[in-house]
1. Which residue, of Ile68, Ile27, is at pLDDT 80 or above, of a type in the set (Val, Ile, Thr) and either outside any helix (DSSP H, G or I) or out of contact with any strand residue (DSSP E or B) (no Cβ under 7 Å at 6 or more places or on another chain) (or both)?
2. Among the residues of the stretch 1-43, count how many are surrounded by fewer than 11 Cβ atoms within 10 Å (Cβ to Cβ), of a type in the set (S, T, N, Q) and under 25 Å from Ser56 (Cα atoms).
Amino acid sequence: MLRLGPRCSCREGLKKLDIPTVPCLYIYALMLFSVKNLNIYQTNISVHSMNTRQHSKLSIHSVRLSSIQ
């Protein structure tokens with residue numbers, strides 16, 4: 001479409017055509033999945049009963065052991 005050479009970078013061409021890169025598409029797909037499936041995630045208010053500023057954020061459980069991950 002832009003007649004770029006075989007060894008030219010596609011980054012500027014994608015910007016000109018307003019096409020997102022593959023990593024951006026992956027992040028966008030993950031965001032869409034998480035928004036559509038909020039019922040499978042826990043929020044901070046459901047983990048503890050303290051009313052904090054971050055009560056509506058998603059709760060992320062951190063683990064150290066690779067057997068649990």
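The values are calculated or read from the model by the stated rules, or taken from the named source; none is laboratory data. Since we're looking at a predicted model, the values are computed, not measured. Cβ coordinates were reconstructed from backbone atoms using ideal geometry, including for glycine residues, and neighbour counts include every protein chain displayed.
1. Details: Ile68 fails: at pLDDT 80 or above.
Sole residue among the options that is at pLDDT 80 or above, of a type in the set (Val, Ile, Thr) and either outside any helix (DSSP H, G or I) or out of contact with any strand residue (DSSP E or B) (no Cβ under 7 Å at 6 or more places or on another chain) (or both): Ile27.
2. 2
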